[in-house]
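Notes for the one structure printed next.
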Amino acid sequence: MIRFSNVSFSYSFHQRWIIRGANFTIPSGSFCLVCGASGSGKSTLLRLINGLVPHFSGGILQGEIDVNGANPVKAGPEQMSRQVGFVFQDPETQFILDCVEDEIAFNLENAAIPVPEVGQRITDTLQALGILHLRQRRLESLSGGEKQKVAIATVLSLAPSILVLDEPTSQLDGQSAEEILTLIQNLARQRNLTIVVAEHRLDRLLHFTDYLVYLPGEEKPPLAGDTRYILLQMDTAPPVVQLGKWLGVRPLPLSVAEGRQMLQNLGLARLNHRSSTSQSTHSREEATQAILSLENVSVVFGKTQALCGVSLQLYASQILCLMGSNGAGKTTLLRAILGLAPLREGSIRLLGEDLSTLPTWKRARLIGYLPQDPNALLFSETVLEEILLTCRNHALPEDVEKARSLLERLGLATYADRYPRDLSVGERQRVALGAILVPQPLVLLLDEPTRGLDERAKSGLSKLLRDFRDKGMAILIVTHDVEFMLTLTDRLCILENGRLVGDGMPVEVLQTLDIPQAQVLQLFPDQGFRTVEEVCQAIDEALFHMPDRSDRQVSLVCHSDDNRPPLRE
Amino acid sequence: MPEGHTPAPFHAWVWLTWMTTILLCVSLTRNPLYLVVVWLCVAIVHAAAGMGELAGGNAPFPFWLSLMVVPLGAIFNALTVHVGERVIFVLPGEIPLLSGIITWEAVVYGATNGLALSVILLAFWVFNHNVSIPSFLRMLPRAFHSVAIVGSIAITFVPLLQREVRQIQEAQIIRGNNLTGLRNKLALLLPLLVSSLEHAFQLAEVMTARGFLRSSASSHQMLWRGAFLVGFGFLLGGWLSRFWGLPVLATNFLFGGAMTTFGVLIYTASRQVRTTVYRSTAFRLRDALAMSGCAFLLIFLIFQSLILEAPFLAYTPYPVLTLPPFDPRVACLFLGTLSPLLVAAFL
């Protein structure tokens, strides 16, 4: 059991409470999801559970925290590590040694677990996570999903009663994320673990969750309690929940299966879709010359064929999304376009000109590239200085007015004099975007731009990219975020094992391939819907033609207890 | 055995003794002839390690890179230290720090310092190459949680730093910096510093969350503090007695007292932190033999140079450059640092 009694916390460098009036109890053995916008205090809340905050960060703490009878503030994170296993956001930064077995043993050695027991615990933990075969593997050779499993194994080996995970799926594709979460849920049941997860991607987690903590930010107290009850009070939710809310259905559906049941009960399983955006862009493409053209591109790293004969055209005023599982070669493709990954075969042309002789720093003037971590692009003291730095690099005039106008377009005008790394993830991303947009490139390449973004930031980014597209820019986006892709693009390519295996209209491509689907597509297969708004419009029309409108009030038999009050104290 | 690993030919303590001996050698002498001998010994061990003679196969630290510091040291010292009698030329004007006489003495002293630095670079590569991270972490004093964390950060820092440098270079290129010219290259430094600090912070947080070297209930706190004060008193007494020119025996007694007190303190405090060793490495006869060569040299240097203060390694090119003394028997002593290679070759 984790009890927060009137807990408020502020970092010493902040002038406001990051968490205020937290008053809830997470029951033992529950799967608790902590959600909220970027900067709302999710990571802080997690760190309060094991005492990293305030022991490691400093700050002002009020109220009482009780974790299975222990007070993390008094005990400190070292003592709490036996009870609370903490998995950080980026598994790579939390590994200390270079081999899976050594990494797990390191924890057990420090806990003075007797040597004969160490080997047994390593075996048991790896077996429970289904990664016994990785025992002797070097960590650098593992995939993203495997690394995440090893990070979980490392903390689970100490048999904690609470497992805390900070955005465990943010770097994973949908399939790996589902696999990890199912695994965590099974472990929780087997070992009676309490799971506390902070995550932005609610669609991936809600159906696992039985307790929800929502941090509204702006110094408002957290809302905590039964998942369905809290969802009713939140302004963002995954498509299935949004639809349930809009239809006024109680209890709210949390998963696609529950959503289908809801639609079936309401007689809305099949709708007529009059799409206005489904017109193929191929006819337009055929009429114009490709801005960026890849012909038979192959990239090899050592013995690994990262890309194999990829051919692709990108046109003006087009947003093309590229999807595929972790390690499929998506980032390599972007790097190859920019000249950061050498081509074994093939050619890349920009407006018909071969780029092979153009060095990367010159290509950067024509092709803007935003890598996964926007921090990597931020070097200057102020946001305005970031823009001017790019001007200097490209030998462009340092026009402060123009720079301010670019910041205005990016919604960053008020941050011009702020230190870029102090901003939120979404704001930092926009600064990095501004830094690469200075030379007005013809093509924009974005690698996982929604990573770590909350719904509001995602929607802002989506609007910005549509704006760029309307002004004629060609945009290529690598993403795992199916919902984001569907709201943005009219063309989707799928890359698997370095080969292009799908290219076309998003809905059509997704239906032909075995990859995780957007919730709307799963609810209405073969009907061409992409967003909740489209579905609502079609439902409105369907209801308008229904003889008896009281059908809308059909109740579902999913869960019967969602109307109980939240578990708040 | 983890994949990609080859069995370590020697116990980590062998390499720690070897490394300590090398560091002591380069800190005790500025005789360029002896330093050349030490450099050659380290270079031979380094080459053997690079060829997989001692451990498996990473690319060796390039000799040219380690030798680069020799001319750099000479130039820097010549330009900034205007002392000596053999003047090469005079740098005119009133440029702060730089203007003045440029002497052969300063060139030789700078090059000698560069050579010492080159030895250290190669020796660290050999140590890093032969000692696994778990072995290194086990050698850290358990008593000092913060020291252990800093040590761990240091050892995981090099690969992270390499990755960071690559990332920042790429990021600069993406932003249109062609990375030619000193000013453009300097643009890498600040982001590198910031991201390195961020990584260090993250790692420290991770290790704390994982309960690294969690101490058991701290008992005898007052006793420890008292013992620490006694040790510090001995140390201070040693320095003062040296400062006042008291007999060497008295000074050494005080320093010895400080060392013993701190040693006992560390040992006792470390026993309070309980850990286990999952994959322990046995200390074999060949380890003892490999260690003995270095240990003999180490003890000899400590006894002769630090306790008896014998001046057999002393040399300075100032104020007038003279030929450094060279005793073949002393040079042969340095061959003790080759003992790991000799044992690996014959046993």
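No lab work stands behind these numbers, since they all come straight from the coordinates. Fair warning: this is a prediction, and the values are worked out from it, not measured in the lab. FYI the Cβ positions are ideal-geometry reconstructions off the backbone, even for glycines, and counts take in every protein chain you see.
Take the alpha carbon gyration tensor of chain B, find the square roots of its eigenvalues, order them as a ≥ b ≥ c, and report rounded if a/c is under 1.5; if not, report prolate when a/b exceeds b/c, else oblate. Present the calculation step by step, with values, prior to reporting the outcome.
Numbers: a/c = 1.39, a/b = 1.12, b/c = 1.24.
Judged from the Cα gyration tensor, chain B comes out rounded (a/c under 1.5).
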Open item on the list: Given an 8 Å cut-off on Cα distances and at least 6 residues of separation, report the relative contact order of chain A as a percent.
Closed with: 17 percent
Task: Top of B:G176, B:G237, B:G73 by mean-square fluctuation, Gaussian network on chain B, Cα under 10 Å - done: B:G176
- [ ] Within 10 Å of each Cβ in peptide A:91-98, how many partner chain Cβ atoms are there on average? Round it to a whole number, please.
- [x] 6
Open item on the list: For a test of the definition: using alpha carbon positions, the gyration tensor, and the 1.5 limit on a/c, classify segment A:98-143 as rounded, prolate or oblate.
Closed with: oblate
Task: Among B:242-255, B:122-135, the order from most to least packed when residues are scored by Cβ within 10 Å on average - done: B:122-135, B:242-255
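What ranking of A:F468, A:F106, B:F326 emerges when the number of other C-beta atoms within 10 Å of each C-beta is taken as an exposure proxy, fewest first? Don't skip to the answer; put the middle values down first.
Working: A:F468 19, A:F106 25, B:F326 14.
Result, fewest neighbours first: B:F326, A:F468, A:F106.
Given axes a ≥ b ≥ c from the Cα gyration tensor, I'd like to know whether segment B:216-272 is rounded (a/c under 1.5), prolate (a/b larger than b/c) or oblate. Display every interim value, and only then the final one.
Working: a/c = 5.12, a/b = 2.75, b/c = 1.86.
Judged from the Cα gyration tensor, segment B:216-272 comes out prolate (a/c at least 1.5, a/b above b/c).
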Task: Share, in percent, of DSSP beta bridges within the protein assembly as shown that are antiparallel, nearest 5 - done: 55 percent
Task: For segment A:360-430 versus segment A:28-42, the gap between their alpha-carbon centres in whole angstrom - done: 32 Å
Task: Within 10 Å of each Cβ in A:73-85, the average number of Cβ atoms from other chains - done: 3
Open item on the list: Please check: in the Gaussian network model of chain B (C-alpha springs, under 10 Å), which one of B:V90, B:V26, B:V14 has the largest mean-square fluctuation.
Closed with: B:V90
- [ ] Take peptides A:360-368, A:308-316, A:14-22 and line them up by average Cβ neighbours within 10 Å, highest first, as a rough protection proxy.
- [x] A:360-368, A:308-316, A:14-22
- [ ] Can you spot the aspartates and glutamates whose alpha carbon is less than 20 Å from B:K185's alpha carbon? Ignore those fewer than 8 places along the same chain.
- [x] A:E381, A:E385, A:E386, B:E164, B:E170
Task: Label-to-label distance, nm, for residues given as A:E381 and A:T304 (7 Å Cα→Cβ offset) - done: 4.1 nm
Open item on the list: Let's see if you can work this out: charge +1 on each Lys and Arg Cβ, -1 on each Asp and Glu Cβ, no other charges. What is the dipole magnitude of segment A:356-493 about its Cα centre, in debye to the nearest 20?
Closed with: 400 debye
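Of all the stretches in chain B, which is the longest one without any exposed loop site, taking GluC sites (Glu not before Pro) in a DSSP loop (any state but H, G, I, E, B) with at most 16 other Cβ atoms within 10 Å? Mind dumping the intermediate values first?
Values: sites that count: B:E3, B:E53, B:E85, B:E94, B:E309.
The segment B:95-308 is the longest one with no such site.
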TODO: Just tell me which aspartates and glutamates come within less than 20 Å, Cα to Cα, of A:K303; anything on the same chain fewer than 8 places away is out.
DONE: A:E140, A:E345, A:E496, B:E3
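Based on the Cα atoms of segment B:281-340, what semi-axes does the equivalent ellipsoid have, where each is the square root of 5 times one gyration tensor eigenvalue, given in whole Å with the largest first? Could the numbers behind the result be given before it?
Values: eigenvalues 189, 33, 15 Å².
They are 31, 13, 9 Å, listed largest first.
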TODO: Towards the positive end of the charge dipole of the protein assembly as shown, with charges on Cβ (+1 Lys, Arg; -1 Asp, Glu), say which of A:L445, B:C332, A:Q429 has the farthest Cα.
DONE: B:C332
- [ ] Could you tell me the convex hull volume per residue, in Å³, taken over the Cα atoms of the protein assembly as shown?
- [x] 204 Å³
Open item on the list: Can you tell me, using C-alpha contacts under 8 Å and at least 6 residues apart, the relative contact order of segment A:1-124 as a whole percent?
Closed with: 23 percent
TODO: Rounded to the nearest 0.05, what FRET efficiency do B:F283 and A:K362 give with R0 = 45 Å and r taken as the Cβ-Cβ distance? Could you check?
DONE: 0.20
Task: Peptide B:273-285 - average C-beta neighbours from other chains (10 Å radius) - done: 4
- [ ] Determine, for A:D235, A:D102, the number of other Cβ atoms within 10 Å of each Cβ, and report the residues in order from fewest to most.
- [x] A:D235, A:D102
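In deg cm²/dmol, rounded to 500, what helix-only [θ] at 222 nm does chain A give when every DSSP H run of at least 4 residues adds -39500 (n - 2.57) and the total is split over its residues?
Numbers: 23 runs with 217 residues, N = 569.
-11000 deg cm²/dmol, from helical runs alone.
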